[in-house]
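Data first, discussion second: the structure below is written as structure tokens.
Nothing in this text is a laboratory measurement; each read-out follows from the coordinates by a stated rule. Just so we're clear, the structure is a prediction, and the values are computed from it rather than from any experiment. Cβ atoms come from the backbone with ideal geometry, glycine included; neighbour counts cover every protein chain shown.
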Amino acid sequence: MGTAPIAVALDAQKIEVLREWAWQTQEVVSTLKIGLETFYRNGADAIEVVRESGCDLFLDVKLHDIPNTVAGAAAALSRHAPKYLTVHASGGPDMVRAACQELPETLVAAVTVLTSLDDQALAEVGICTPAQDTVLRQAASSVAAGARAIVCSPHEVARVRAEVGGGIILITPGVRPAGSVPSDQKRVMTPKEALDSGADLLVIGRPITGSPNLKEAADAIAREMGAA
């Protein structure tokens, strides 16, 4: 297992590709992330790939339902013993608390405003406060309910750190190496900027997995972060 605080997003259709990606990056990064698409398609097979790598398992399934249903889902996922499990902060404190109670050994990570959304997109769904203010409220509420990690844009990470204090793991998607394209992310920073702002773990997908040599790409980002 590597030491760079990077969670590589394993988003591929074939389990053989997931295994190759894990093999290429495991010596550089600390964490491998299984998202919704991969979990729904490959399930326990994808999780086994992460286990074989020795990296931490980040199960990014973003639970969001009534508290009782989320508690049941979290209990069902407990057999996988993920280090991180995501829930949507917008589900409310009772829902976040339900997941935390079922998974006391897991760092339940509350996902605040998705990095694909900006203020205009939020307004279109009836959230008329700025994204940063919404993130801060959701983060504070989730931590009070027992969440030990928060997922937020790197643009909010410094304010979230000031809000929740130390001891809470801040996870940031929306990270792109200098010179790369943002794709569908709207609130982005470079890896070094995100770490300097207070992030603990950076979620990075296509800048690594889209490279012909994943290890070299991960190494380059780790060096950019000062983590190599």
The exposure ranking of 55, 128, 152, 100, fewest beta-carbon neighbours within 10 Å first, is 128, 100, 55, 152
Among 121, 140, 212, the residue whose Cα sits farthest towards the positive end of the charge dipole of the chain (+1 at Cβ of Lys and Arg, -1 at Cβ of Asp and Glu, taken about the Cα centre) is 140
Sorted on mean Cβ neighbours within 10 Å (highest first), peptides 195-202, 25-32 come out as 25-32, 195-202
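When 95, 189 are ordered from fewest to most other Cβ atoms inside 10 Å of their Cβ, what list results?
Details: 95 25, 189 22.
The most exposed by this proxy come first: 189, 95.
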Based on Cβ point charges of +1 for Lys and Arg and -1 for Asp and Glu, what charge dipole magnitude is obtained for the chain about its Cα centre, in debye rounded to the nearest 20? 140
Over the stretch 56-182, how many percent of alpha carbon pairs lie in each 5 Å bin up to the one with the longest distance? 2, 12, 22, 22, 19, 13, 7, 2, 0
List every residue whose amide H lies under 5 Å from the amide H of residue 148, counting only residues 5 or more places away in sequence or on a different chain, with H placed 1.01 Å from N in the peptide plane. 108
Please state the equivalent ellipsoid semi-axes for the chain: what are the square roots of 5 times the Cα gyration tensor eigenvalues, largest first, in whole Å? 26, 22, 16
At a Cα cut-off below 17 Å, give the aspartates and glutamates reachable from residue 14, other chains included and same-chain residues fewer than 8 away excluded. 37, 45, 48, 52
What is the distance in Å between the Cα centres of the stretch 2-81 and the stretch 85-147? 20
Rounded to whole Hz, the Karplus (6.51, -1.76, 1.60) HN-Hα couplings of the stretch 111-126, x for glycine and proline: 7, 8, 6, 4, 6, 7, 10, 10, 4, 5, 5, 5, 4, 5, 10, x
